[in-house]
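Since the structure comes first, as structure tokens, the remarks are kept for the end.
The values are calculated or read from the model by the stated rules, or taken from the named source; none is laboratory data. Since we're looking at a predicted model, the values are computed, not measured. Quick reminder, even Gly has a Cβ in these numbers, built from the backbone with ideal geometry, and neighbours come from all protein chains shown.
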Amino acid sequence: MISRFLSRASVAAFAATALAAPPTVRPAHSRSPDAPVLIVFITVDQMRADYFERFLPQLSGGLGRLYRGGAVFTNAYQDHAITETAPGHSVTMSGRFPEHTGIVTNTLGVPDPQATLVGGGGPGASPFRFRGSVLIDWLRMNDPRSRALSVSRKDRGAILPLGRAHQHAFWYASDGRFTTSTYYADTLPAWVQRFNERKIPQSYAGKVWQPLLPLAQYSEPDSVRWENYGSNYVFPHPFPADPAQAARLFTEFPAMDSLTAQLALDGVNALGLGRGPQTDVLAVSFSTTDAVGHRYGPDSRELHDQIVRLDRYLGIFIDSIFKIRDSSRIVFALTADHGVAPFPELRAEREHVPVLRADLGPVVAAANARLTGAGADGGTIRVEEGIVTLSRPGLQRAGLVPDSVIAALARDLAKIQGVARVDRPRDLARRDTTTDDLARRWLHMLPADYPAELVVSLAPYAYYSSVEAATHGTPNDYDAHVPVIFYGPWFTVGKYGARALVADIAPTLAAVAGAQPTERLDGRARTEAIRARP
């Protein structure tokens, strides 16, 4: 069925993207070699693991193919506390937790004013905060000819899977172009310029997003007042009539994932990825599930439609790759950077439970006021994403004892409705981290040199009071539980119930590619899913 949102011409153009490339040297389905020539690493931003079970009967494209024909770890997690995009993407291809990648929050992820965007259209970005190595580094140690291309709507989604490697990373700018930063290049390659010249986002001006499937196939109501900030939460959802505005807001619509896939295919052709004999990497981070999930929530009709559409886009994407490269020499892996929680008010209505929203502001403001009155610097205490920091020198100059201030603040924060607990990082290692998920995930979050004094864990399904969109970011399971799927002739098809980690993906792919990680990893190769080679 062709979407009313993605025209027949667009589908044809998408599917034909790969056809301009020279034919593959090896015929499809030839005997599998010892190592793949192409690893396709897919990250779906904000995709909860349960979406596969919820929507599987309607997944007839790429998501359905990977789930039904892959090695699926059903009990897999991002095992760190701040489940945001940047920390999650730093784990995907490094095999290490944020405590070792150094990527703690989105704001301390890739923003870099010294690495400006080529042609403008957004803030500068680079991986200068990233620590250590990733899969493409290990592959290049094995064979220097290995190359990587990473594409995403988000800068952090494109940059962090490549670590600090000077490979090819492109993301979407606010002016409707894909671009990169001066960390990677001073000019855009001709193939990206040609892609941008097509002005695909602008062509959607005046179009509308309608449900792809017959309405009877959506069980979700289409009139939920908590969605989309309380307005325009009923289908259809129109694009702006102005082409420039349509391009700027294109990121909020499912077609953004189609656009990302099309650029990735153009890049495979232009760079010659997957022709061998070395192993190349194509990393694609699809971001629209996150955009739709934030606006409409995980229980919305819009989210349901987005997953179905992504499934169709991925089906075309996989088929297009198989048209130009030997399918028996390609490995796919799929995961997510984090999950998402439902709107607290919507959950309260449906499950007849209290609305949980935690407001840390009054406690922090009162504590800062007391410290200022005692002679300490103003704004001594700061809280970001549950991490509490303070100026110890400022307290000491005022003759205050930092540990006493911290202990009092911890007691006050712990009394706030919606706060599950408050911990000092130095105390977390004393807990039983095999059973205490919160302690373990905070330990996996914070680098040894990060000046955290306290960490605040929200109660299950609680939001911070200032948050209006559906959100994520906590150490709770609904934010941490994500899919982990391997697909290709190197893996035994089936469902694996053992606990697994996103950090296991990179070492597993390294194992099938015959590459050796160059440092100690937090994850391990999932050898139980790797098929024995003859």
State which residue is farthest from the chain's Cα centre (by Cα) when the search covers only region 147-176 and only residues that are part of a strand (DSSP E or B) and aliphatic (A, V, I, L, M). 148
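Test residue 259 against the stated conditions and say whether it is farther than 24 Å from residue 349 by Cα and crowded, with 24+ Cβ neighbours inside 10 Å.
So residue 259 passes the test.
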Could you count how many residues in region 234-255 are surrounded by fewer than 21 Cβ atoms within 10 Å (Cβ to Cβ) and hydrophobic (A, V, I, L, M, F, W, C)? 5
Return the residues of region 168-183 that are crowded, with 23+ Cβ neighbours inside 10 Å and among the aromatic types (Phe, Trp, Tyr); say none if nothing qualifies. 170, 171, 172, 178
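Does residue 423 satisfy being of a type in the set (Asp, Glu) and touching a Phe, Trp or Tyr at 6+ places or on another chain (Cβ under 9 Å)? Before the answer, list the steps.
Details: of a type in the set (Asp, Glu): yes; touching a Phe, Trp or Tyr at 6+ places or on another chain (Cβ under 9 Å): yes.
Here the answer is yes, as residue 423 does meet what is asked.
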Selection from region 494-534 of residues of a type outside the set (Asp, Glu) and over 23 Å from residue 482 (Cβ atoms) yields 514, 515, 516, 518, 520, 531, 532, 533, 534
Pairs, please: C-beta under 7 Å, at least 6 apart or cross-chain, first residue surrounded by fewer than 21 Cβ atoms within 10 Å (Cβ to Cβ) and in region 435-447, second small (Gly, Ala, Ser) and at pLDDT 95 or above? 438/457; 447/102
Which one of 508, 474 is assigned to a helix (DSSP H, G or I) and of a type outside the set (Lys, Arg)? 508
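Report yes if some residue within region 231-250 is in a helix (DSSP H, G or I), closer than 26 Å to residue 53 by Cα and either in contact with a helix residue (DSSP H, G or I) (Cβ under 8 Å, 6 or more places away or on another chain) or assigned by TED's automatic domain parsing to the domain that holds residue 138 (or both); otherwise report no.
The initial filter retains those residues of region 231-250 that are in a helix (DSSP H, G or I), namely 243-248, 250.
Applying the additional criterion that residues be closer than 26 Å to residue 53 by Cα yields none.
For region 231-250, residues in a helix (DSSP H, G or I), closer than 26 Å to residue 53 by Cα and either in contact with a helix residue (DSSP H, G or I) (Cβ under 8 Å, 6 or more places away or on another chain) or assigned by TED's automatic domain parsing to the domain that holds residue 138 (or both): absent.
From 144, 98, 127, 113, grab the single residue that is at pLDDT 95 or above and in contact with a Pro (Cβ under 6 Å, 6 or more places away or on another chain). Walk me through it before giving the result.
On the way: 144 fails: in contact with a Pro (Cβ under 6 Å, 6 or more places away or on another chain); 127 fails: in contact with a Pro (Cβ under 6 Å, 6 or more places away or on another chain); 113 fails: in contact with a Pro (Cβ under 6 Å, 6 or more places away or on another chain).
Every option except 98 fails the conditions.
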Residue ID - nearest to residue 415 (Cα to Cα), chosen from residues in region 334-366 that are in contact with a Ser or Thr (Cβ under 8 Å, 6 or more places away or on another chain) and of a type in the set (Gly, Ala, Ser): 358
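When you scan region 296-304, do you find a residue that is polar (S, T, N, Q), surrounded by fewer than 24 Cβ atoms within 10 Å (Cβ to Cβ) and not in a helix (DSSP H, G or I), even just one? Walk me through it before giving the result.
From region 296-304, those polar (S, T, N, Q) are 300; that's our starting set.
Now restrict to residues that are surrounded by fewer than 24 Cβ atoms within 10 Å (Cβ to Cβ): none.
No, because not a single residue in region 296-304 is polar (S, T, N, Q), surrounded by fewer than 24 Cβ atoms within 10 Å (Cβ to Cβ) and not in a helix (DSSP H, G or I).
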Residue among 155, 186 that is in contact (Cβ under 8 Å) with a residue 40 or more places away in the chain, in the same structural domain as residue 115 (by TED's automatic domain parsing), within 21 Å of residue 257 (Cα to Cα) and out of contact with any helix residue (DSSP H, G or I) (no Cβ under 8 Å at 6 or more places or on another chain): 155
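Kindly evaluate residue 479 against the criterion of being outside any loop (DSSP other than H, G, I, E, B), touching a residue at least 40 places away in the same chain (Cβ under 8 Å) and among the acidic types (Asp, Glu). Walk me through how you get there before you give the answer.
Working: outside any loop (DSSP other than H, G, I, E, B): yes; touching a residue at least 40 places away in the same chain (Cβ under 8 Å): yes; among the acidic types (Asp, Glu): yes.
In short, yes.
Does at least one position in region 392-413 carry a residue that is polar (S, T, N, Q) and free of Cβ contacts under 8 Å to residues at least 12 places away in the same chain?
Filtering region 392-413 down to residues polar (S, T, N, Q) leaves 396, 404.
Checking which are free of Cβ contacts under 8 Å to residues at least 12 places away in the same chain leaves us with 396, 404.
For region 392-413, residues polar (S, T, N, Q) and free of Cβ contacts under 8 Å to residues at least 12 places away in the same chain: present.
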Every residue from region 491-506 that is surrounded by 23 or more Cβ atoms within 10 Å (Cβ to Cβ) and closer than 20 Å to residue 37 by Cβ: 505, 506
Among the numbered conditions (1) modelled with pLDDT of 95 or more; (2) over 19 Å from residue 298 (Cβ atoms), tell me where residue 52 comes up short. (2)
What are the pairs with Cβ atoms under 6 angstrom where one residue, in region 204-215, is assigned by TED's automatic domain parsing to the domain that holds residue 245 and surrounded by 13 or more Cβ atoms within 10 Å (Cβ to Cβ) and the other, located anywhere, is in a loop (DSSP other than H, G, I, E, B) and among the hydroxyl-bearing types (Ser, Thr, Tyr)? Sequence gap at least six, or different chains. 212/3
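Which residues, counting only those in region 105-131, are hydrophobic (A, V, I, L, M, F, W, C) and closer than 30 Å to residue 441 by Cα?
Result: 108, 110, 125, 128, 130.
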How many residues does region 310-353 contain that are touching a Pro at 6+ places or on another chain (Cβ under 8 Å), assigned to a loop (DSSP other than H, G, I, E, B) and surrounded by fewer than 21 Cβ atoms within 10 Å (Cβ to Cβ)? 1
Can you list residue pairs whose Cβ atoms sit under 7 Å apart, with the first residue in region 330-356 being touching a residue at least 40 places away in the same chain (Cβ under 8 Å) and closer than 30 Å to residue 488 by Cβ and the second being among the basic types (Lys, Arg) and assigned to a loop (DSSP other than H, G, I, E, B)? Count only pairs 6 or more apart in sequence or on different chains. 339/48; 340/48
